Amino acid sequence: MSKPFGHSIRPLIAVLALGVSLALPQYAAAADYALLTPGAAHSLLLDIASAGERLVAVGERGHILYSDDQGASWVQAKVPTSVMLTRLWFADARRGWAVGHDGNILVSEDGGVHWELQRDGVSDQARINEERLARARETVQTLRAELAQQAGEAAQDKLEALEEAEYELDVARELMREPVFPPPLMAVWFADRERGWAAGAFGTLLRTRNGGRHWEDWGWKVENPDELHFNGVTGDSRGRIYLASEWGYVFRGTNGGESWQALETGYEGSFFGVLTNPATDSVFAYGLRGTIYRSTDGGDDWQELESRTRASLFGAAATEEGALVFVGQDSAAVLSRDDGDSFRELAAPGRRGLTGVAATDGRLFVTGDGGSEALAVAPRAGE
Amino acid sequence: MLEQQPLHYPAVRTASVPERLIFGARHFILAFFTLATVFLGWQAWHLQPDASFAKLLPQQHPFIQNMNDHMKDLRAAGASLKVSVAVKRGDIFNDDYLSTLGQIADEIFYIPGVNKNGLKSLWSPDVRWTMVTEEGFEMGSVIPQDYDGSPASLQQLRTNLQRSGVIGSMVADDFKSTIIEVPIYDTDPTTGEQLNYLAFSRALEKQVRQQFESDNIRIHIIGFPKLIGELLEGIGAIFLFAAVTLLITCVLLYVYTRDLRATLAPLTCSLLAVIWQLGLLHLFGFGLNAYSILVPFLVLAIGVSHGVQMINAVALQLQGEVDRLQASRLAFRSLYIAGMTALISDGIGFITLLVIDIGVISELGIAASIGVACIICSNLVLLPVLVSYIGISKKGVYHMRVDPQRRHPLWSLISRCATPKVALVSVLVAAAGYAVGIAGARNLQVGDLDAGAPELRPDSRYNLDNAFITGNYAVSTDILVVMVETPVQGCGLFENIRLIDRFGWYMENVPGVQSAVSMADVVRLTAMALNEGNPRWQTLSRDQRAIDGGVANVPPALMNRDCSLALVVLFLDDHKAETLQRVVDAAQTFEEEYGTDQVRFKLAAGNAGIEAATNQEIAVAQTQILVLVYGVVAALVFLSFRSSVASACIIIPLGLTSALCHALMAWLGIGIKVATLPVVALGVGVGVDYGIYIYNRLTHYLRRGLPMQEAYYQALSTTGRAVAFTGFALGVGVITWAFSPIKFQADMGILLTFMFLLNMVGALWLLPALAYFLVKPEPPRKRESAGEAEQGDHSHVQTG
C-alpha cells in the first residue's frame, strides 16, 4: 500500500524542496555560504593558481573566483564558507583545495567551479582538542605507572617528564573549557592527487593520504614548543616537506612526514612562504622586508639572496622551466631566471599589496587587495 | 459725532456690523494700531536668527528618532572642517609651502570653537608612518624631527608619506595639496554656549583665506560648520532684496495710482503688517530661519495687492458725489467679504503647511498665517480708516477712474475670452496645458539633485571647494550612518562584529555606495598589523582576545564607550533620492535577513541619512499638501459664493498652474524638497485671490443682466487693473529671491513668481472661458434687486 503512495509523493517533495530552495536567497541556506557579490572580484584576494587553462583565485569572505579568459572576466563560485581563504593548490586541472581561517578546507573536483567543505575546522578542532586531552591523559598515566616502578636517577628524569605531561594535560583541559578556536590555515600543498599537507598558525599541521577525505592532526609530531606559525608548506622531488615559519625557522619533514627537524636559516624574522624550484630542487623561503633565503642542498645550508626589494613578500610561483617570481607589499614583484642568483624588478601597476602569483603560458597573474590582474611583464620577455 | 453727521447718506442705514464698528471708532482704531506698532516694533527688533539644525529635520520620522536616540554617541563623532591648502606651481615638497602650512595650522588653532587637541596637519606629531621590521614596528612623524627645509629632509618627508597611509586622505594623490583636519566644538565644552557659526566662518575667511591665499596658494574649506556659516551669510543678502523689492513696489504703486497719498497709504499699511508679523513671531517665541525670513516679502506683496484693491475701490467711489469717509465706507463695504475670503484662504493655505513634520516648514506656515492675520488688520481695517482721513488726490482719482464712455482697448481685448469661440479654444488649450503638466511632472524627482551642498549654488565658493576636495582626495561628502545596536559590551563579540563586518561588505556592494567603514575594518586591519602586516590575517579571528585587542583601537566615531553601539559609515556617490532609497532599502533588507536580538541595524544618521528621511517625509507630504490646500480653498470658495460653479471656475485655473509648475520644476531640474513644498501652498493660497476678485465682479454684472462678454468687460474695467497690479506686485515680491546665494531660496523665488504670474493669467484668461460654459444666465427677476446690489457687492455673497 505504502509503496505507490511513496512513489507519488516523492517527486512532489522534490518539487517542493526545489521551490523552497529557489525561493530562499542563496545566502540563507544552512551552510555559511559566502555572499555572491559583484564586488568580490575587486576584494582582497590572497592566492591564485591555474587549473589547466583556467585561473582560480581565493580571498577574503570566502571568495573564490575563476576566469576562463585569462583574467579578463571573473565568475564568483558558490562557496559553502564565508571565512577568509588564504591559499589554494591544484593537483591537476580538475582537483584542487582551498584552505583558510577557522581551519576550513574546501575541495573542488571540477577545476574550481563547484566547492565542497571538506574539513569543517571548528568541529574538527573540537575533535583534535579531545584527542589532545586523551593523549595527555594517557601520557600522564603511563608516566605515573612507570614512576611507581622506578627509583633513583631514572626516576628523576621521569619526574620531570611527568611535570611536563601534567602541564600539557592542564593546557588540554583548559582548551576544552574555552570556545573552540581552530587556528587559521595559511598554506596547502599536495605531492599528487592524494597525498597532501595543510599548515597554519600556532603550529597547526594537517596531513591527508586520501585526497583530503580525511585530514589527520599532524602538528603534535613537530617539535615546536613555541607554537610558531607555519606560514608556508611545500615539498621537493625527493619527498622532503618544508614548512616556512617564524624566527627564521624552516621545518623539514622526512620519511613521509614521520620525523621533523627545525632548520635555522640564519634569519631572525618571519617567513611567509616557501617554494621549491622544480628545475633544480632548490628551496626558497621568503618573508619580511624582501627577505629570500635559498638552500640548494635540501635545507641543510641556507644563503640570503639579494632580492632587490625591501617590501615584505607574501606570494611566489615557479615555472616548469625554473623561472621564479616573488610578490609582496607596494606592488613589489621580482623575477629570477638563474635559481635566485640574481633578481630583476617587474613593473606592477599601482601601489597595492600583492599576495599571490600564478604563471601560465608565459604570463603572470597576481592577486592582492583590489582583486586579480595580469602582471605587465611576461617572464619570457627579453632580459 | 462723525457718525452722526453723514446720516443722510442712504448707505449708512444698510451698513453691516463690522463697518459700523470700524468706522464708528476711527480715532480709537488709529490709536490702537499706533500703540500696537510701537509694542510689536520693539518685539521685532529683538528677533534673532535661528540656525537650529533640528528644525530642518522631520522629527517624527523613524530615522530621525533613531538618530536622536543615539545623539549623544553620534555627537562624540563631532563636526569637523577640512581645510585644504593647495599649491599652484610645483608640489608640496618645498620649504615655502610647508612653512605656510604650519602658519595656517597655527592660525586655525587660535580660532574660537576649534578643538585644539584634535587639530591635525602634516606637522602634527601624531601623523605618523609605520613600518614592520624583524624587531617589531618602526615609526615616526611624517615630517622628520630634524626637518630643516633641506632637500634631504624634503626627500625624507616624501619617503615617510609613502609609508604613512595618509595619501588620499591628508595628502592629495598628485602631491599638490594637503588637508588640515579641524574638529569643531559645536557647543563650547566649558561654557556650554552654542558656537557662533557666522563669526566662526568669518574668522576663517579673514584669518585664513584672506591672509594666506596668494597667486601660488589656494585654500579650500569645507565642513558642516562652514556650511552653516555660509548659509547665515547668505541670509544677510536678503536685506538687499528687501530694499530692492520695496523700491520696485513703490514705483509700481505710483504708476498705478499716480498719487503720493494713494501710494504711501497701502505701502505703509503693508509695512506695518510686516512689522506686526515679525513682532508677533518674536512674541510667540520664534526666530527667523532661512525659510521664514522670506515671509515678510510675501506679507508685503499680499498686503500691497489687497491695499490696492481698497485704494482702487475708494477712488471709484470718489468719482461720485461722496466725501472721503463715505467713499471709504462704501469701498470697505464692497470689498470686505471678498477680501476676507481671499485672505482667509491665503491663511488657511499656509496653515496646511503645519501637516509637514519639518520644523522650518511648520514655522513658515505659522509665520505666513500670522502675516495674513496682520494684513487683515492693516489693509482691511486700518487702510480704509486711514484713507477716510487722508483721502486721494483728484489726480489719482482721475487716473483710476472708469470712464463708461470710452471702451478700454486692453480690457475689450481680454473680454473676448468670454466669447464662445475663444472660450472653446481656451478650454482646449487648458486641457493641453494639463496634459503637458502631468507628462512633464513624471520626470519630477524627489530630493536635491545637485552635487555638493545643495543648499548653496553649484558655483558657490563652498561648492567649488567641495568639488576640489572630493576630486583630489578619496573622500565623499555624502555620508549615511547606520547605527548598530548591541547589548552593552556586545559590539565586539565575535558573532556580532562578524555580522557588522558582513553588513559593511553587503552595503559596499550596493550601487551608489563607494565604501563602508565600521569598527570591523579597524579590527581587521589591527589584526594584520599585529601579524607583521601579513594580509592573510586581515580578517576577524574567532579568537575573542585577538578581537578585543583590535576593538581597543576603534575611534569614537565608529563605536560608543560601552560598546553598545557601532556606527557603520557609508560613503555614497551622490545624494539623489534614487541612490538614497536604494541604500536604505538594502540596509533594511539586510536587517530583516540577518538582524538578531543581539544586533540590530538602525537607520540612519549622517547628512545622507537625514536626507533619506526628509525625502520619504516629503514624498508623503507633497500629496497631503496638494489635497489639503485644494480641498480647503475649494471649500472656502464654495462657502462664500454658495456655488460649485464658482469653485470650478476659480480652482481649475489654479490646478493648471500647479500642474505646469511641476513640469517647470522637472525641466529646471528642481526636485521636490523641503523648499518646494510650501510653494504649492503659497502659490495656491495667494493665487486664489485673483479668481475670487474677478469672479465676484463678473457675477455681479451677470446678475444685472449683462451678457457674458459685457459683464466680463465691466468686471475687468473695475477690477482688472487691480488684479494685474496684484500679479505684478506679488511677482516683484518674490522674484528678487531668484538672486539669493542660497539655492533653495532662489528655487522658491523662481517657482513662486511663475505661480503668481501664471495664476493671474489663469484668472484673466481661463476663468471667463470656464464661466462661459458653466455659469447659467441669471433669471430676469434678479433685476429688481440690482439697484441694491449696486450699492455694495456683498448682497450676493453670503453675509452671514
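Every number here is computed from the coordinates shown, using simple stated rules; none is lab data. The structure presented is a predicted model; accordingly, all values stated were derived computationally and were not measured. Glycine gets a Cβ as well: all are built from the backbone with ideal geometry, and neighbour counts include every protein chain shown.
Annotations for the structure displayed:
- Furthest towards positive pole of dipole, A:ALA323, A:GLY340, A:GLY356, structure part region A:318-383, Cβ charges: A:GLY356
- Gyration tensor (alpha-carbon) shape descriptor, region A:301-341, a/c threshold 1.5: oblate
- In chain B, the longest principal axis of the Cα atoms and the axis of helix B:324-351 are about 30 degrees apart.
- Taking amide H positions as modeled 1.01 Å from N, with prolines and chain starts lacking one, the residues under 5 Å from A:ALA332 and 5 or more places away or on another chain are A:LEU354.
- Evaluated with a Cβ-only charge set (Lys, Arg +1; Asp, Glu -1), chain B carries a dipole of roughly 4340 debye about its Cα centre, given to the nearest 20.
- Excluding same-chain neighbours fewer than eight residues apart, the lysines reachable from B:LYS421 by a Cα-Cα span under 23 Å are B:LYS776.
- Across peptide A:268-276, the average count of Cβ atoms from other chains found within 10 Å of a residue's Cβ is 2.
- Relative contact order for region A:124-177, counting Cα pairs under 8 Å that sit 6 or more residues apart, in percent: 56
- For chain A: rounded, prolate or oblate by the Cα gyration tensor [a/c cutoff 1.5]: oblate
- Phi angles of region B:700-717 translate, via the Karplus equation with coefficients 6.51, -1.76, 1.60 and θ = phi - 60°, into HN-Hα couplings of 4, 6, 4, 4, 7, x, 6, x, 3, 5, 5, 4, 5, 4, 5, 4, 5, 5 Hz per residue; Gly and Pro are given as x.
- Derived scalar couplings between HN and Hα for region A:354-369 equal 9, 10, x, 8, 10, 10, 9, 6, x, 10, 10, 10, 10, 10, x, 6 Hz in order, rounded to whole Hz, by the Karplus curve 6.51 cos²θ - 1.76 cosθ + 1.60 (θ = phi - 60°), x for Gly and Pro.
- For chain B: Kirkwood Rh in Å [reciprocal of mean 1/r, alpha carbons]: 30.1
- For region A:89-102, 3J(HN,Hα) computed residue by residue from phi via the Karplus equation (6.51, -1.76, 1.60; θ = phi - 60°) reads 8, 10, 6, 8, 5, 10, 9, x, 10, 10, 10, x, 5, 6 Hz, glycine and proline entered as x.
- Gyration tensor verdict on region B:478-619 (Cα atoms; rounded if a/c is under 1.5, prolate if a/b is larger than b/c, oblate otherwise): prolate
- Measuring nothing but how far apart in sequence close Cα pairs (under 8 Å, 6+ apart) lie, relative to its length, region B:140-242 scores a relative contact order of 17 percent.
- Estimated dipole of region B:453-562 in Debye, rounded to 20 [Cβ of Lys and Arg +1, of Asp and Glu -1, Cα centre]: 200
- Using C-alpha pairs under 8 Å with a sequence gap of at least 6, the mean separation divided by the residue count of chain B gives a relative contact order of 18 percent.
- Over the protein assembly as shown, all Cα pairs binned in 20 Å intervals from 0 give whole-percent P(r) values of 10, 29, 25, 18, 12, 5, 1, 0, listed from short to long.
- This model, with +1 at the C-beta of Lys and Arg and -1 at the C-beta of Asp and Glu, gives the protein assembly as shown a dipole about its Cα centre of some 8380 debye.
- Under 5 Å, built H, 5+ apart or other chain: amide partners of A:GLY298: A:VAL283
- Between the listed residues B:PHE571, B:VAL510, B:LEU530, the Cα displaced farthest toward the positive end of the dipole of region B:503-614, a dipole computed from Cβ unit charges relative to the Cα centre, is found at B:LEU530.
- Hydrodynamic radius (Kirkwood) for region B:24-78, which is based on Cα pairs only, to one decimal in Å: 15.4
- Cross-link partners for A:LYS158 among the lysines, with Cα-Cα distance under 17 Å and sequence neighbours closer than 8 places in the same chain left out, do not exist in this structure.
- Annotation: amide H-H contacts under 5 Å for B:GLY140 (H modelled 1.01 Å from N, sequence separation of 5 or more, or interchain): B:TRP129.
- When each of B:LYS120/B:LYS673; B:LYS116/B:LYS176; B:LYS116/B:LYS226 is checked by Cα-Cα distance, pairs over 29 Å: B:LYS120/B:LYS673
- Helix B:606-641 and the longest principal axis of the C-alpha atoms of chain B enclose an angle of approximately 10°.
- Simple spin-label estimate for B:ASN443 and A:ASP301 gives 8.1 nm between the two label positions (7 Å along the Cα-to-Cβ direction from each Cα).
- When the Cα positions of B:VAL381, B:VAL422, B:PRO409 are compared along the charge dipole of region B:380-429, B:PRO409 comes out farthest toward the positive end, with charges on each C-beta of Lys, Arg, Asp and Glu.
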